[in-house]
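Step one of this worksheet: look at the structure below.
The values are calculated or read from the model by the stated rules, or taken from the named source; none is laboratory data. If you're wondering where the values come from, they're calculated on a predicted model, not measured in any experiment. With ideal geometry, Cβ positions are generated from the backbone for all residues, glycine too; neighbour counts draw on all protein chains shown.
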Amino acid sequence: MIEIEDLTVIYRTREGKIRALENINVDIKSNEIFGIVGESGSGKTTLAMTIMGLLPRNGYVESGSIKVDGDDILKLKPEMARMVRGKVISLVFQGAMNSLNPLLKIEDQVAEPLLIHRSTNRGEALRRARETLELMGLDSFTWKKYPHELSGGMKQRAVIATAMIMKPSIIIADEPSTALDVITQAQLMNILKELQKMARITIIFISHDFPLVSEMADRIMILYGGKPSEIGSNRQILSEAGHPYTKGLINSVPMISARSKPEAIPGEPVNIKNPPAGCRFKPRCKMALDSCGSYDYSPKIIEGDHMIFCKMFEGGKDGRST
Amino acid sequence: MNEFQKYLSKRVLFAIVSVLVIISFDFFLFRLMPGNPILIDYRSPALTRQQIEALSKQFGLNLPIWEQYVLFMKNTFEGNFGISIFYKQSVSSVLFPALYNSLILLLPATIIAIFLGIFTGKFAAWRRGSASDGVVTGTSMAIYSIPTFWLGGIFILIAIKTHAFPVSGMYVTGAVYSSVFAQLSDLLDHLVLPLATLTLVLFGQFTIIMRNSLIDVLQEDYINFAKSKGASDRYILNKHAVPNAELPMISIIAVNLGLTVGGAILTEVVFSWPGIGFLIYSAINARDYPILQAAFVIIAIVIVLANIIADILYSYLDPRIRYQ
Amino acid sequence: MSDEFDFWKEFKSNKKGMIGLIIVLFFAVIAIFAPIISPYNPNTTNPALFLSPPSRLHYFGTDTLGQDLFSRDIYGAQISLIVGISAGAVAIVIGLLAGLISGYLGGAVDEVIMRIVDFFIVIPALVFMIIIAALLGPSLINVIMVIGLLSWAPTARIIRSMVLSIREWPFVESAKANNAGKIYIMFRHIFPNVTSVLYGNAMLAISAAIFTQAALVFLGVGNVTSISWGGIIRDAYTSGALTAGDFSFILPPGIFIFVLIFGFIMMGFATEEIMNPRLRTIKG
């Protein structure tokens, strides 16, 4: 239902143009949890902001389209794009601690999308806000509180309630659980999963935390340096990973039961301001070849929709033999 | 006592201590200066023998300095500031009408400047980095750099050339008014130029303060979150950004009150507006030290009080302080 | 050192900063070469030239004593720069020391210094200066000291808040672990990290001092005997030039004060922008 085609997003900076996202082609299906994994600078937040139409002032879409149910939301006029935000697609930010206005009561903030989109009057909006808060496990004690009076987990639930209140078809959750403790984080993940089943919404779940994403997502896209590395179902990524970066991610996860020690991926994350030619993972890749420097990111498609963006798999040949 | 009350009582305590320190400063400043100007003043032949004796007794001019200090404190709290050498009447009977006249000029100027400043600050902050932001910010900085006493002079020059507005005093000298309205309209006529001068100077300052507070706030996550709810720019600005930017603005304005008073004094001198600033100016030339001494204390107390009001207003508007 | 190199590079590409710098340098040149630039001795009186209008001989006309106003306006740059920079320096040095000590030592010392700072921020500085300057009498040193001693508080507050975060940085911790003395740490480790903020503040302090000096002279309580822009404006009022509709008397000195202050403020803002591109704030 979300078809992203050939998306390239650029930031203008004093040092020149930065290509924050390039060659992004992916279809996100209805009612799935689609995970996006990447370290900082991978372009995962840029992707979220592009879908929301909230790129910072110095960012713009150079090419490509994002179709939601067939309509390209990048081509909407500002006023129409505003109608999509919060209503069709809503966002749960990283650092939800700060997503709430310190001067307004919780219930007013949760009810706000209803009033912004003129769905109903204030009284009804408040009633629905309380209903949604309750659904999120926040009882009447919290409704009239100010953000600073609530715990981090409670604030995060209020933010999710706000994102839910318009019954959107898509929720983008960008690092929703950073800065929360492990238990609160687990509770939150359960809430998101239940919501997704109950309300039949599509969730785009974005995180740097590979194990967390692999626990949540039906399908996963791995980004590296603004470009895709691998896209596939949960099973395909976890047990049939092809890309060296994906394999590195899997090996770097400490498994309590496993005997093998976790291995970190050597090297520094890519400098997006000055990326290497060809495959961006090349400088850190154990299996890199000279020809990786001219890789053009044409994917190798394996069984159905498992895509690997690696020179070794290009054209179906095993690159190692050359 | 909750946190909020603790906070407030701490501020009030600081205010009281400040006032005591200011009064002490005031006392020693004038007594310890070369020649002890107050003593010289109170032996001035401008006063009658009776007045000198009364002052001697009241301020203990022949007593050791510490006893004079205690008497001075006591007299100050009773509103007794001695006798003006120039006006030959009690300082308070000269000072308080002047303070009232000052407020007639200062309050409207501050209020108008704040409203205009919020308006243009909002305009510039929303378009930050654009050409119109550059123009507004540049102009505000320029206005902020204009010497008050020079701007007033330019206004006077223009007003005299065009016979537009009276350039001196509060009323036409010796005028007799047929009605309250006639008197009021004369006052407003005289108010135009000093009000314009002071408002303009303050306006530049407030625009910059508002713009910078807003730019700070506009980076906050809750602004982005409001955008993701589908809110319009105008809605975000008015409902989320401005209320949050007004909080720091309140404290900055309160802290800068000393500067505001400085601007008011210069404006009063330029336009011979019979306020406390003009009184200070005349007192310097007349070596009327009792007036200077009292004016300093009164202005300082007014500023300390205004700061307390700003503190209370701030904590009332900010739930993070109100509900702790 | 690399920090300062970057700073200058950034400053050069900052439009506001360069405009400010050019303005300040312009006035510095005028002040230094005043005897060469000015066509007349600014103190030479000529009773025959009472308030003469601008002419080819006297670009800005003459004052009531027949002194050439153009020459006086040129010489006025000297006092503004001397008082502005010296008083600004006094304020910055005191503010820096108070901020360093308050922020680094903390505890009761911090509490006391900060209450003193609060006090100096709240009191009406101009009223205070008028009175002290009137009592002390006119002299250049008096004016510099009065302005400097009453203007250090905002700097102290900003420096303190910076020190509070810097003292938690690892290199300060390691210096402490190596038993470095407090004064050594303060000046060797913390001071270099606050200098950039200090530059910005110094520019703002200088601009405020230039304004205050002119205002004090205008009110008749500063160093009234030296030739200064504030004094020329005062003369314009008392000479009756305003009533006569004579622009050439009052216009130039005011524009000079304004442009010079603007130059320093632009430099100060540019410094703050470079140091803190997100905030771009001024306070106090």
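One table, with the values for the structure above:
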| read-out | value |
| --- | --- |
| Residue count for the stretch A:1-58, restricted to those that are over 30 Å from B:Ser130 (Cα atoms) and part of a strand (DSSP E or B) | 16 |
| Which listed residue is out of contact with any strand residue (DSSP E or B) (no Cβ under 6 Å at 6 or more places or on another chain) and free of Cβ contacts under 8 Å to residues at least 12 places away in the same chain, from C:Ile74, C:Ile79, C:Ile36, C:Ile19 | C:Ile36 |
| Test: B:Phe72 is assigned to a helix (DSSP H, G or I), closer than 23 Å to B:Arg287 by Cα and of a type in the set (Phe, Trp, Tyr) | yes |
| Selection status of B:Ile236, in a helix (DSSP H, G or I), touching a residue at least 12 places away in the same chain (Cβ under 8 Å) and buried (at least 23 other Cβ atoms within 10 Å of the Cβ) | no |
| Residue tally, condition within 11 Å of another protein chain (Cβ to nearest Cβ), over 18 Å from B:Ala15 (Cα atoms) and in contact (Cβ under 8 Å) with a residue 40 or more places away in the chain, over the stretch C:96-138 | 5 |
| Residues that are buried (at least 19 other Cβ atoms within 10 Å of the Cβ), in a strand (DSSP E or B) and more than 17 Å from the chain's Cα centre (by Cα), drawn from the stretch A:60-87 | A:Gly64 |
| Hey, C:Gly231 on the phi < 0 side of the Ramachandran plot and within 14 Å of chain B (Cβ to nearest Cβ) or not | yes |
| Failed item in (1) at pLDDT below 90; (2) at the interface with chain B (Cβ under 9 Å from one of its Cβ atoms), with A:Glu112 passing the rest | (1) |
| Single residue of A:Leu100, A:Leu54 found to be in contact with a helix residue (DSSP H, G or I) (Cβ under 7 Å, 6 or more places away or on another chain), modelled with pLDDT under 90 and not charged (D, E, K, R) | A:Leu54 |
| Failed item in (1) at pLDDT 85 or above; (2) buried (at least 16 other Cβ atoms within 10 Å of the Cβ); (3) over 30 Å from B:Leu13 (Cβ atoms), with C:Val197 passing the rest | (1) |
| Positions within the stretch B:138-154 being more than 9 Å from chain C (Cβ to nearest Cβ) and surrounded by 21 or more Cβ atoms within 10 Å (Cβ to Cβ), in sequence order | B:Ser140, B:Gly152 |
| Residue count for the stretch C:112-140, restricted to those that are at pLDDT 90 or above and either over 22 Å from C:Asn201 (Cα atoms) or crowded, with 22+ Cβ neighbours inside 10 Å (or both) | 1 |
| Residue in the stretch B:114-131 that is closer than 30 Å to B:Ile16 by Cβ and either touching a Pro at 6+ places or on another chain (Cβ under 7 Å) or in contact (Cβ under 8 Å) with a residue 40 or more places away in the chain (or both) present | yes |
| Criterion (out of contact with any helix residue (DSSP H, G or I) (no Cβ under 8 Å at 6 or more places or on another chain) and without any contact (Cβ under 8 Å) to a residue 60 or more places away in the chain) met by exactly one of B:Asn244, B:Asn256, B:Asn285 | B:Asn285 |
| One residue from C:Ile257, C:Ile274, C:Ile250 being within 22 Å of B:Thr139 (Cα to Cα), more than 14 Å from the chain's Cα centre (by Cα), facing chain B (nearest Cβ under 8 Å) and aliphatic (A, V, I, L, M) | C:Ile250 |
| Residue under evaluation A:Met154, criteria (1) within 12 Å of chain B (Cβ to nearest Cβ); (2) in a helix (DSSP H, G or I); (3) of a type in the set (A, V, I, L, M, F, W, C), criterion not met | (1) |
| Filter pass, B:Ile16 being among the β-branched types (Val, Ile, Thr) and surrounded by 17 or more Cβ atoms within 10 Å (Cβ to Cβ) | no |
| Number of the condition not met by C:Ala180 [criteria: (1) closer than 30 Å to B:Gln293 by Cα; (2) not in a helix (DSSP H, G or I)] | (1) |
| Failed criterion for B:Ser44 (all others in (1) outside any loop (DSSP other than H, G, I, E, B); (2) more than 24 Å from the chain's Cα centre (by Cα) hold) | (1) |
| Boolean, A:Gly137 is more than 14 Å from chain B (Cβ to nearest Cβ), without any contact (Cβ under 8 Å) to a residue 24 or more places away in the chain and within 25 Å of the chain's Cα centre (by Cα) | no |
| Exclusive hit being more than 30 Å from B:Ala196 (Cβ to Cβ), within 14 Å of chain C (Cβ to nearest Cβ) and over 21 Å from the mean Cα position of the chain (by Cα), set B:Phe77, B:Phe72, B:Phe27 | B:Phe27 |
| Residue within the stretch C:80-95 that is over 30 Å from B:Asp133 (Cβ atoms), in a loop (DSSP other than H, G, I, E, B) and polar (S, T, N, Q) present | no |
| Members of the stretch B:204-233 that are hydrophobic (A, V, I, L, M, F, W, C), surrounded by fewer than 23 Cβ atoms within 10 Å (Cβ to Cβ) and more than 7 Å from every other protein chain (Cβ to nearest Cβ) | B:Val217, B:Leu218, B:Ile223 |
| Unmet requirement for C:Gly245, which otherwise passes all of (1) buried (at least 20 other Cβ atoms within 10 Å of the Cβ); (2) facing chain B (nearest Cβ under 8 Å) | (1) |
| Test for C:Met145: is it among the aliphatic types (A, V, I, L, M) and farther than 26 Å from B:Met33 by Cα | no |
| Residues within the stretch C:64-79 that are surrounded by 21 or more Cβ atoms within 10 Å (Cβ to Cβ) and over 25 Å from C:Gly240 (Cβ atoms), tallied | 1 |
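For (1) more than 11 Å from every other protein chain (Cβ to nearest Cβ); (2) modelled with pLDDT of 85 or more, each residue gets a yes or a no:
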position: B:Val255; (1), (2): no, no
position: B:Thr260; (1), (2): no, yes
position: B:Ala264; (1), (2): no, yes
position: B:Ser272; (1), (2): no, yes
position: B:Ile276; (1), (2): no, yes
position: B:Pro290; (1), (2): yes, yes
position: B:Gln293; (1), (2): no, yes
position: B:Ile309; (1), (2): yes, yes
position: B:Tyr316; (1), (2): yes, no
